[in-house]
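Here's the structure, in structure tokens; my notes come after.
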């Protein structure tokens, strides 16, 4: 059980000279010596909390019951990490209270404390201890961990010689065998190959079935949708939505991009090679229905000559890519000396998708897709309304299924019999 | 089991948590030792080489200065001082940088932070124990049999441990807040080597300066080591010893207090 009550966390943003990461005693002393009057005034009358204070979390309250898997979603900077850090006791809240009904294992990073020089075996013990297991517990689970990670052959090899896949597998295997009653998991499944990700998701589902409480943070909305029963949406440090996970996910999609019909991007500007930037994206401003085709368009800026292909994605309710397609044939941008802007328009035909929230993304890639020159995802989204055209007078429920294309269907009577 | 998190509540149950996480301290110390000896070619010999060379240099220094040798063989007289000094200096250097060195742990996982510098001191303590073996072989070589005084040695070892831990905690916490402290620690260590009675014995210090000199807590500890190893020679001055005890105790108390005070903010600053 996890009860969060009016939680708040304030960070003091320190005034620091440009390009200096740390406070040096030298500078503190120097500033106190050069301006003793100001320092004295601060001691006598501390400055009221001004723009230097930043609330990463404010008035957040929610509850997760035992055995539930709760997903936390939100954009970058919404306060997800801060919340996890408070729940896992890495940092203290400024106000409010959290009640945890059991021991907490937090997995904010895969392989926390792994040492490259140590062998797989040694790292299992070290990492286990860091995550709060006792030595006896680790010894008891050791074989299981090794089997789960599939690294038995390399147990006595230093992990610096592991492939990144092996490394992640080992790290997750240790974490997956924790026995704490509450498990807090950050975006750790973003690494590792697809098959192992699936295995991890399965393991997490098992964990929840075992009666333990899980809090899960991810940008992978489909993972959230499959694993979690309950969802919480954080926005700018406050709880924007809570409840059934599918509702919260659609609230998230709704809030994050619905207002925008066109988005402009700031170029990052690479120093070498041709520059490819997706400059903007736009969708029609009017209400869209599944019965009419509509266009999603992107502007791409090229500098220098490069052969590219375009990938286009449609996501439904933030989860799986419903549509993933490309431009069929690579195209060459302008000559090396020139810069040019290209508009690319994708047409979504009528009755391709069923009503619901959809978001769109595009990548500009090299023809063999080994290089992603530019990528935007989930930046445009919209509700596709039902045009009610196909329904007829009887059927009024929601369409099941993600796509609803008009298929050729023929009906003929095979056998007619009469009862007389 | 129920756990409540709130502002200022981390302090509750801190010492109980420290006990619960004791195995982690063992693992951190073990990691540092294993990694160190894996990375060096000569491995464990490294722990012996440093104090042995330091000892040789100081014995040579005594000869050059024409310091009269006493009854005890000079290598043992000097080594009895090098031993605690080496422990203190390496414990101090390692623990003061330990929080920064384990920043990734501190920002990702909860455990009582006190474990990190303590593990660093423990690592230095293992080296100390290895070096103790070298002292034993030196004593065998010179046919010096220890007396009952040796039974008191653990007390001085404990003092050295407390002093290292206290100073280490204080500097470790300061290091998180003010990064330029890492330049100060080597200076403290270097300076301490010269103001501690390693090349000479405390009785070479003029009588009227002795009390002031004993404010350096290593003076009492080093004198104690010599006294225990060399069968009560040179004799101990109770006042100097008492002073050393007080300074060590205060250093430990101050270190723990300051560390505990700063600890809450580590994850936000580091």
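Quick one: in the range A:161-185, which of the residues that are touching a helix residue (DSSP H, G or I) at 6+ places or on another chain (Cβ under 9 Å) and over 25 Å from residue A:215 (Cα atoms) is surrounded by the fewest Cβ atoms within 10 Å (Cβ to Cβ)?
Here the answer is A:161.
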- Message: Can you tell me how many residues within the range B:89-136 are within 16 Å of the chain's Cα centre (by Cα) and over 30 Å from residue B:5 (Cβ atoms)?
- Response: 16
- Just a yes or no: is a residue in the range B:55-68 within 14 Å of chain A (Cβ to nearest Cβ) and either modelled with pLDDT under 85 or in contact with a strand residue (DSSP E or B) (Cβ under 9 Å, 6 or more places away or on another chain) (or both)? no
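Could you check the range B:153-230 for helices (runs of 4 or more DSSP H) lying wholly inside it with 1 or more residues that are within 17 Å of the chain's Cα centre (by Cα) and either within 14 Å of another protein chain (Cβ to nearest Cβ) or in contact (Cβ under 8 Å) with a residue 12 or more places away in the chain (or both)? Working first, answer last.
Details: elements: B:153-177, B:181-195, B:210-213, B:217-229.
Helices (runs of 4 or more DSSP H) meeting the threshold: B:153-177, B:181-195, B:217-229.
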- Within the range B:73-92, can one find any residue that is crowded, with 19+ Cβ neighbours inside 10 Å, more than 30 Å from residue B:143 (Cα to Cα) and away from every other protein chain (no Cβ under 14 Å)? yes
- Selection from the range B:168-195 of residues under 24 Å from residue B:220 (Cα atoms) and exposed (fewer than 15 other Cβ atoms within 10 Å of the Cβ) yields B:186, B:187, B:190, B:191, B:194, B:195
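Just one of A:57, A:84 is modelled with pLDDT of 80 or more and touching a helix residue (DSSP H, G or I) at 6+ places or on another chain (Cβ under 7 Å); which is it? Spell out the reasoning first.
Details: A:84 fails: touching a helix residue (DSSP H, G or I) at 6+ places or on another chain (Cβ under 7 Å).
So the residue among A:57, A:84 that is modelled with pLDDT of 80 or more and touching a helix residue (DSSP H, G or I) at 6+ places or on another chain (Cβ under 7 Å) is A:57.
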- Residues being surrounded by 14 or more Cβ atoms within 10 Å (Cβ to Cβ) and not in a helix (DSSP H, G or I) - total across the range B:14-43: 1
- Close pairs from the range A:88-104: first more than 7 Å from every other protein chain (Cβ to nearest Cβ) and surrounded by fewer than 22 Cβ atoms within 10 Å (Cβ to Cβ), partner part of a loop (DSSP other than H, G, I, E, B) and at pLDDT 90 or above, Cβ under 8 Å, at least 6 apart: none
- Inspect the range A:348-357 for any residue being part of a strand (DSSP E or B) and either over 27 Å from residue A:407 (Cβ atoms) or modelled with pLDDT of 85 or more (or both) and give the result as yes or no. yes
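Matching residues to (1) part of a strand (DSSP E or B); (2) crowded, with 18+ Cβ neighbours inside 10 Å; (3) touching a helix residue (DSSP H, G or I) at 6+ places or on another chain (Cβ under 6 Å):
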position	(1), (2), (3)
A:341	yes, no, no
A:344	yes, no, no
A:361	yes, yes, no
A:367	no, no, no
A:375	yes, no, no
A:384	yes, yes, no
- Message: Tell me yes or no: at least one residue of the range A:321-330 is in a strand (DSSP E or B), buried (at least 18 other Cβ atoms within 10 Å of the Cβ) and modelled with pLDDT of 85 or more.
- Response: no
- Filtering the range A:65-80 down to residues that are modelled with pLDDT of 85 or more and either crowded, with 21+ Cβ neighbours inside 10 Å or assigned to a helix (DSSP H, G or I) (or both) yields A:69, A:70, A:71, A:72, A:73, A:79, A:80
- Task: Taking only the range B:231-265 into account, find how many residues are part of a helix (DSSP H, G or I) and away from every other protein chain (no Cβ under 14 Å).
- Result: 22
- Query: In the list B:114, B:49, which residue meets the criterion of being closer than 25 Å to residue A:85 by Cα and away from every other protein chain (no Cβ under 14 Å)?
  - Reply: B:114
- Note on the structure: Filter the range B:95-111 for residues that are in a helix (DSSP H, G or I) and either buried (at least 24 other Cβ atoms within 10 Å of the Cβ) or touching a strand residue (DSSP E or B) at 6+ places or on another chain (Cβ under 7 Å) (or both); the one that is farthest from the other protein chains (Cβ to nearest Cβ) is B:95
- Selection over the range B:60-93 where residues are closer than 23 Å to residue B:156 by Cα and free of Cβ contacts under 8 Å to residues at least 40 places away in the same chain yields a count of 2
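Could you pull out the residue among A:125, A:154, A:114 that is at the interface with another protein chain (Cβ under 9 Å from one of its Cβ atoms) and without any contact (Cβ under 8 Å) to a residue 60 or more places away in the chain? Please lay out each step first, then the result.
Details: A:154 fails: at the interface with another protein chain (Cβ under 9 Å from one of its Cβ atoms); A:114 fails: at the interface with another protein chain (Cβ under 9 Å from one of its Cβ atoms).
Only one candidate qualifies: A:125.
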- Message: With the requirement that a residue be touching a helix residue (DSSP H, G or I) at 6+ places or on another chain (Cβ under 7 Å) and within 7 Å of chain A (Cβ to nearest Cβ), what does the range B:1-33 give you?
- Response: B:5, B:23, B:24, B:27, B:31
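Residue-by-condition table, conditions (1) farther than 30 Å from residue A:64 by Cα; (2) surrounded by 19 or more Cβ atoms within 10 Å (Cβ to Cβ); (3) more than 18 Å from the chain's Cα centre (by Cα); (4) at pLDDT 80 or above:
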{"site": "A:237", "(1), (2), (3), (4)": "no, yes, no, yes"}
{"site": "A:245", "(1), (2), (3), (4)": "no, yes, no, yes"}
{"site": "A:261", "(1), (2), (3), (4)": "yes, no, yes, no"}
{"site": "A:268", "(1), (2), (3), (4)": "yes, no, yes, no"}
{"site": "A:271", "(1), (2), (3), (4)": "yes, no, yes, no"}
{"site": "A:282", "(1), (2), (3), (4)": "yes, no, yes, yes"}
{"site": "A:300", "(1), (2), (3), (4)": "yes, yes, yes, yes"}
{"site": "A:310", "(1), (2), (3), (4)": "yes, yes, yes, yes"}
- Item | Residue tally, condition closer than 27 Å to residue A:281 by Cα, part of a strand (DSSP E or B) and either in contact with a strand residue (DSSP E or B) (Cβ under 6 Å, 6 or more places away or on another chain) or at pLDDT below 80 (or both), over the range A:216-235 | 1
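The values are calculated or read from the model by the stated rules, or taken from the named source; none is laboratory data. Values in this document were obtained by computation on a predicted structure and should not be read as measured data. A quick note on method: Cβ atoms are made from the backbone with ideal geometry, for glycine too, and the neighbour counts reach across all protein chains shown.
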